[in-house]
Amino acid sequence: VSGLRLHGDALAAPEMLDFAVNIWPAERPAALQAALLAALGDPRYPHDTTAREAVGARHARGPHEVLPLNGACEGFWLLAHALRPRVAACVHPSFTEPEAALRACGAEVLHVARDPHDWSFDPAAVPARAELVVLGNPNNPTGGLDPPEAVLALLQPGRIVVVDESFMDFVPEPAPSLAAESREGLVVVRSLTKLWALAGVRAGYLLGPAELVAALGAQRQPWSVNALALAALVACSHDRATPQRVRSEVAVARAQLLSGLQVLPGVRAWPGAANFLLLEVADGEGVAGRLRAAGIAVRPAGSFPGLGDDHLRIAVRRPDENRRLIEALVQAL
Ligand SMILES: Cc1ncc(COP(=O)(O)O)c(C=O)c1O
């Protein structure tokens, strides 16, 4: 797998210390685990009403403004297939599945480049002819946040703006989320994968105007989100304590990791708001290879449009693991 379809999971063998995939290394809360097991034991077809209500209540939205998904990724593919925009714009460097999905549906995909100094973007740089615009907030792999005004400035009649907030629950509060914002043309996509260690369950959702949610739902098979994912959506929407705890643990670990990186000669590290950081080093390929030989997987970021082989993305893990990474990085450099 390469190019737009490359993801961190292809880079970390099971025995490696995994800084390539941005999943927070913690055990699932007992109530979530119990909900998953109960769903597994249920012989009936899944129904998504309770999940829509729970997610809606969490974000002050109605249940008809919520579409449960098989992970955030399904949202990008469903939007591309159901809406079939002729011209779309992706704000890069960013997670590449939205672009892969749009291209697979025949869209012309325009690249809007973030400013490499601080990775901000200029809403005015998005061509008016883009019928659909996708951006991440916080953005993977650059880690920064966009102010809500910049995202809302992208809205224009006839356009759909898709904000990928898959990492928003990691962001220190107050987070600039648009999840509670009911606006024509605005879609917010969320994932349970990263914070709840649920990559394999495939659980996420999108929030948008009720007519759009209905139109997207009409384009897929019945029961398309399985009972485990729906149970996870309910359990995680009710659990406000876990994201709060994780946010503060991540903030401490991230600050330590960043200050450890910033004193390394030859390493440029951008500050980030989520559970990963973007670095630039000399000879990125060599550094990633030597870390790999030392049993540590990082994510070479050259497959993100706008970045090169010297950019590496690393997850924020527990402080002792982050220290191991820094020590290995000192050797690898
Ligand atoms: C920014 C971003 N959005 C979405 C996803 C996909 O999330 P999910 O597992 O919910 O499909 C990823 C996974 O790497 C990601 O990095």
> Looking at 93, 141, 123, which is the one that is touching a residue at least 24 places away in the same chain (Cβ under 8 Å), more than 15 Å from the ligand (Cβ to nearest atom) and not polar (S, T, N, Q)?
Replying inline: 123
>> As an exercise: evaluate residue 108 against (1) more than 14 Å from the ligand (Cβ to nearest atom); (2) under 19 Å from residue 152 (Cβ atoms); (3) in contact with a Lys or Arg (Cβ under 7 Å, 6 or more places away or on another chain) and give the number of the one condition it does not meet.
In response: (2)
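A quick yes/no check of all residues on (1) within 30 Å of residue 111 (Cα to Cα); (2) free of Cβ contacts under 8 Å to residues at least 24 places away in the same chain:
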residue: 233; (1), (2): no, no
residue: 238; (1), (2): no, no
residue: 241; (1), (2): no, yes
residue: 247; (1), (2): no, no
residue: 270; (1), (2): yes, no
residue: 291; (1), (2): no, no
residue: 297; (1), (2): yes, no
residue: 308; (1), (2): yes, no
>> Quick check on residue 241: is it over 22 Å from residue 277 (Cβ atoms), buried (at least 23 other Cβ atoms within 10 Å of the Cβ) and more than 14 Å from the ligand (Cβ to nearest atom)?
In response: no
> Of everything in segment 67-82 that's surrounded by fewer than 20 Cβ atoms within 10 Å (Cβ to Cβ) and over 25 Å from residue 299 (Cβ atoms), which residue is nearest to the ligand (Cβ to nearest atom)?
Replying inline: 81
>> Looking at the structure I just gave you, is residue 171 over 19 Å from residue 54 (Cα atoms), within 16 Å of the ligand (Cβ to nearest atom), buried (at least 20 other Cβ atoms within 10 Å of the Cβ) and of a type outside the set (Phe, Trp, Tyr)?
In response: yes
> Which residues, taken from segment 1-25, are touching a residue at least 12 places away in the same chain (Cβ under 8 Å), within 16 Å of the ligand (Cβ to nearest atom), of a type in the set (A, V, I, L, M) and under 23 Å from residue 322 (Cβ atoms)?
Replying inline: 11, 12, 20, 21, 23
>> Here's a check for you: in segment 53-62, which residue that is under 19 Å from residue 244 (Cα atoms) and more than 20 Å from the chain's Cα centre (by Cα) is nearest to the ligand (Cβ to nearest atom)?
In response: 54
>> Quick check on my filter: what residues within segment 26-56 are of a type in the set (Val, Ile, Thr) and in contact (Cβ under 8 Å) with a residue 60 or more places away in the chain?
In response: 50, 55
> Out of 28, 44, which single residue is within 16 Å of the ligand (Cβ to nearest atom) and either among the charged types (D, E, K, R) or farther than 30 Å from residue 279 by Cβ (or both)?
Replying inline: 28
> In segment 186-230, which residues are within 16 Å of the ligand (Cβ to nearest atom) and more than 15 Å from residue 74 (Cβ to Cβ)?
Replying inline: 194, 195, 196, 197
>> Tell me the residue from 177, 166 that is at pLDDT 95 or above, among the hydroxyl-bearing types (Ser, Thr, Tyr), over 30 Å from residue 329 (Cβ atoms) and in a loop (DSSP other than H, G, I, E, B), please.
In response: 177
>> I'd like to verify a number: residues in segment 127-137 that are over 15 Å from residue 75 (Cβ atoms) and crowded, with 24+ Cβ neighbours inside 10 Å, how many?
In response: 1
> For segment 61-118, what are the residues that are among the small types (Gly, Ala, Ser) and part of a strand (DSSP E or B)?
Replying inline: 88, 89, 113
> Looking at (1) part of a loop (DSSP other than H, G, I, E, B); (2) surrounded by fewer than 24 Cβ atoms within 10 Å (Cβ to Cβ), which is the only condition residue 142 fails?
Replying inline: (2)
> Quick one: how many residues across segment 1-52 are in a loop (DSSP other than H, G, I, E, B) and either under 24 Å from the mean Cα position of the chain (by Cα) or of a type in the set (A, V, I, L, M, F, W, C) (or both)?
Replying inline: 21
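The values are calculated or read from the model by the stated rules, or taken from the named source; none is laboratory data. Quantities reported herein were computed from a predicted structural model and do not represent experimental measurements. Note that we place each Cβ from the backbone using ideal geometry, even for glycine, and neighbour counts take in every protein chain shown.
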